[in-house]
Every structure is written in C-alpha cells, then in structure tokens.
Amino acid sequence: MRVVWALAWKEWRIMLDTPLGYVVATAFLLVSGFFFGKNLFLFGQAEMRGYFELLPLLLLFFAPAMAMRMLAEERHDGSDELLATLPTRNWEIMLGKYVALLGQMLLLLLATCLYPLSLSLLGTIDVGQIAASYLAALLLAACYLAIGLYASSLTKRTIVAYVLGLGMLLGMYLLDAALSTLPPEWQDVVALLSPIMHYRYMLRGVVGLEHVVLLLAWTWVFLSLSWFQWERRAWQ
Amino acid sequence: MIQAERLTRLFGRTPAVRELSFHVHRGEVMGLLGPNGAGKSTTMKMLTCFLPPSSGQARVNGHSLDDSLAVRRSIGYLPENAPMYIDLDVQTHLRFVGRMQGLPQGTLADRIAEMARVCGLEQVLRRRIDELSKGYRQRVGLAASMLHDPACLILDEPTTGLDPNQISEIRQLIRRLGESKTVLLSSHVLAEVEAVCDRVMIIDRGQLRAIGTAEELARQAGDGQTLYVRFLDDGRSVLEMLATDGVEAEATGEVNGWWLHCPDADMPLAERTFRAAVAKDVVIVEMHARKTSLEDVFHRLTASRGSA
C-alpha cells in the first residue's frame, strides 16, 4: 500500500499546485449549489431528492474531467517511463490513481453536506434517506470515475480522454433514459445492469446489497480494464 | 553488474535490437554508442524493465529481468529527456520518487539534501520544475535516479542540455560513481564517452559492432597510420618519393600541408618522410602522427548510416 499512498499523495499535490483541481471543484460546487438552490428557492421544496435526481447528470460531466489527465498525461509527458521503471506493480499504479480520484470526489460530496445541514435548520429531515442517498452518490461517482480512468488509459491526449469518458457515460445515461422505449426483454437486462437504475433504488432509502454490489462490480470492471490497457502498453 | 545474453526486441516485425550480448562489471562505466535509431534507448528500456525483450535474457545485479520488481529496486534510471512531474516543485518530486523507491521517512530528507548538494540543486529545491532550465531538469532526473543509492545506474544521455561547467561536474560525478557502482550510459558525445567510460560498446541497427576500451577499439579498427606534414615550400617531390613505398598523400587545404596515409602500421612513416625531405632538400616545418580516435572507429563502424 506504500506505493498506492505515495501515488495518491503525488496526485493530490499536483491537484493542489495546478488550477485544474480548483476549477473543477469550484464549477462542481457552483452547479451543485444551483441544482440544490433551484428546488429550495424557486419551487419552495426543502428536500434533497431533486438534487440527488440530477446528480448523475452532473457527475457525467465532472467525473471524466477529474479523471482525464490521470493516465493520458503520464503517457503524453513520458512520465509513464519514470513510473514504470520504479519498483511498482501496475495494479498499484491504477489503485493509487483511483484512490486520489475517489478522495477528491469524497471531499466534493462532503462539501455538499452543507445543503442537508442548512435544510435541518428549516425543519426535520430524513437522515436515513439522505445518508443512503449520499452512499448511492459515492458509489455512482466511484463507478463513473473508474470509467473516466479507463477512458484516460486509452489515449495520450487528455481532451480525447475527456470526450471518450463523457461519450461512454452519456451512452449509459441515454440508454437508461430510453429504457421504456426498448423491447420488454431488453428492459429487464438494461434495468438490471444500469448503474443509474440501482442508484435510483438507493435514493428511496433502501440500501440493498444487490445495488451496492452492482455499482462496485462496474467499478471493478473498469478499473480492471484500465489496468489491462496500461499493461498492454509494454507489448505494443 | 549487468549481463545481457542475446537480447532481442522486435517492434512488429522490425528488430530494434538483435541478439545483443554484453557484460558490464561492478565498478565499471560502460558507454553505449550508436547512431540515431541504433537501439541504444531500446536496450536501456529492456534492462530497466520498461519494455520486455522479445527474446534473450539479461541479469541486472544478479536479478533476472523476469523478477522485474527486484531489478527495478536495484537500479537508478535516467530516461532520455528526463521525464518528470513538471507541476511539482523539485523537493516534492524527489520526495515522491524516494517514497516510491521505499526509502524510510527518516532517511528520505537526508538523501534529498545529499543529492541536491551533489547535483547542485540546493538553490532550486522549492522551485516548480516547469520553471527550470533544461540543464536543471536533467540534474533533477539524475538526483532522482541516485536517490536510493542504487548498485547500478542506467543513464540515457545524462549530459544533454547542460552547459560546459555542468557537463564537467556531471562527468566527474559519474566517474566517481563508477568506482563503486555499475554504470551504463549512452551518449552522442564521443569525447564524453572517451573521458568518462572504462569501456565502450558500439551498436548499429540493433547489433553489436564493437566492444572494448577506447584504445582497444582504435587498435582493432586501425588500418595503417596517418601523419600530418607541412613543408616550407612545395613538397611534391617528397610525396613522389614516398609514393614508391605505398604512401598515399591527401592535401589538407593548408598551404603545403598534407595527410600522409600508409596501410602498413609497422612502417616507420615519420622517419621515411624525414629522410625523403632531406634527400629532396625540402624543409619540414610541422609534422605529427594522428592516432585513430573513437570518432574514427565510430564512423568506420556505422558509416553506412550517416551521422551520430
């Protein structure tokens, strides 16, 4: 784990020393605040459900932006050679990068905890449901970040990595949105595999094991694909 | 030490390195020479486990390349163009590399301070790497490669971008390191290889062309002897006399200046020239022998590929 923490620490330092981290965090919190404030001030609804309904759309744009440079920039700048010739295993590199991303996302989600706290001043809130929603948001973000990391492993260019990541997530989002138009036999399969569908189940306050497992499974699949893509580099 | 046996690397069907075998002993600095695309960097990338060989085997510090982690723990590697994290400051970059190498927290700060002193980085430890000159970046790369005090150093063009003073310092440093460590370095600067390396290996199109000390290579590649001579007046009569002994003359471009080349290495060329000049009553104002240099050897062995 020494290598994983060292890499995560390095990514954090780069994020703190460059504007990109601050730009992404500020933009996320601004848009996030708008989604929350819209329900509260325009529609007079002192609840978090509307915010969490829109969160997948927000993450769809921000997760690839956070992950785009992680592996693509290493290959573009040639620092992958430095990294690959240090005594590290490739899975440790993937995990280190991913831990850094997850830590950033955790901080952003923690910052949004101000919203339910402010609601609690106005009245009673359903703590259990909000906690379940946050867990769902974290698991969905974890899945999206893994997809963003995989997109970053496919190319040397960060902007291409962003477009690829966004494309993959948009495809999943649209498939979920168009679920009712699919043939019935397909609807069951898509509903079973769709991360957003399982996220929505959890928003109801029910943390079913199957929902958690499916979101973690998608995360594992894309982390494994990222690792495989990084391994392939040596043989190309 | 480094032992490579029939090391081969293919890119598609194109061989970048073909059946390369060599040894570098502990306490020895080996220079790797070759024209662009000769396979120098590919050889280094294989020895540092960045690229797996297509066939063949190598051992670095007693570890097979199959035991990649053990090899990478025991080497310090400076890749070509010294890639690094330019958004970090020098100290943070070195700390990251040290932590990845597994240096304990207690000794890491001391090693960074020591390497900063050795590589002349004390003044820029807090500066971001993207604000540094190429020479400084090269020194950061060198410091990072030596941070964990590895038994073997593999340096791909370590003095690129340095000014003459820095080059001299780094050469001295490599020489010093070479007394106790195994050092393999590639360079385009032949004078540098001659000055720093105990032995030299010349490769071309992925194949080993020659290996040995600079003197051994010069002797092996030497084809006769060459003498520079400048006469006070026209010395053609002397040249005609020498031509009967098989000596060829080539004008140097200077007034009455000539290169005399004799295929027979044992013939006393200087004495013959002197005696011929006396016989023809021609005055010699300058005369000296030209030794076969590493540059001559390099050009001879890689001539079909053009420049170094």
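The values are calculated or read from the model by the stated rules, or taken from the named source; none is laboratory data. From a predicted model like this one, the values you see are computed outputs, not experimental measurements. Positions of Cβ are backbone-derived with ideal geometry, glycine not excepted, and every protein chain shown enters the neighbour counts. We work out accessible area using only protein heavy atoms, side chains counted, and drop any ligands, DNA or RNA first. Shrake-Rupley method; radii C 1.70, N 1.55, O 1.52, S 1.80 Å.
Please tell me if residue A:93 is outside any helix (DSSP H, G or I) and either farther than 27 Å from residue A:167 by Cα or within 13 Å of chain B (Cβ to nearest Cβ) (or both). For residue A:93, the condition - outside any helix (DSSP H, G or I) and either farther than 27 Å from residue A:167 by Cα or within 13 Å of chain B (Cβ to nearest Cβ) (or both) - is not met.
Of all the listed residues (B:36, B:61), the sole one being touching a Pro at 6+ places or on another chain (Cβ under 9 Å) and either open to solvent by 10 Å² or more (accessible area, probe 1.4 Å) or farther than 19 Å from residue B:196 by Cα (or both) is B:61.
Restricting the first member to the range B:205-216 and to residues that are under 16 Å from residue B:23 (Cα atoms) and at pLDDT 90 or above, and the second to residues that are surrounded by 15 or more Cβ atoms within 10 Å (Cβ to Cβ) and of a type in the set (Asp, Glu), the beta-carbon pairs closer than 9 Å and six or more apart or on different chains are B:207/B:19; B:208/B:19.
Checked against (1) in contact with a Gly (Cβ under 9 Å, 6 or more places away or on another chain); (2) more than 30 Å from residue B:302 (Cα to Cα); (3) not aromatic (Phe, Trp, Tyr), residue B:114 passes all but condition (1).
Is it the case that the range B:82-91 has a residue that's open to solvent by 20 Å² or more (accessible area, probe 1.4 Å) and either within 29 Å of residue B:23 (Cβ to Cβ) or not assigned by TED's automatic domain parsing to the domain that holds residue B:184 (or both)? No, that holds for no residue. Does residue B:77 satisfy being in contact (Cβ under 8 Å) with a residue 12 or more places away in the chain, under 22 Å from residue A:1 (Cα atoms) and buried (at least 22 other Cβ atoms within 10 Å of the Cβ)? The answer is no for residue B:77.
Of all residues in the range A:20-31, those satisfying the criterion of being open to solvent by 60 Å² or more (accessible area, probe 1.4 Å), more than 10 Å from chain B (Cβ to nearest Cβ) and free of Cβ contacts under 8 Å to residues at least 60 places away in the same chain are A:22, A:23, A:26, A:30. Does residue B:103 qualify as being in contact with a His (Cβ under 7 Å, 6 or more places away or on another chain), open to solvent by 10 Å² or more (accessible area, probe 1.4 Å) and modelled with pLDDT of 90 or more? Yes, satisfied. The helices (runs of 4 or more DSSP H) located wholly in the range A:104-186 that include 1 or more residues which are open to solvent by less than 40 Å² (accessible area, probe 1.4 Å) and β-branched (Val, Ile, Thr) occupy A:127-153. Total residues in the range A:46-90 satisfying the condition of being open to solvent by less than 10 Å² (accessible area, probe 1.4 Å), in a helix (DSSP H, G or I) and either within 10 Å of chain B (Cβ to nearest Cβ) or at pLDDT 90 or above (or both): the figure is 16. Residue count for the range B:80-98 under the criterion of being part of a loop (DSSP other than H, G, I, E, B) and closer than 19 Å to residue B:166 by Cβ: the result is 4. Of all the residues in the range B:99-122, those that are in a helix (DSSP H, G or I) and more than 9 Å from chain A (Cβ to nearest Cβ) number 15.
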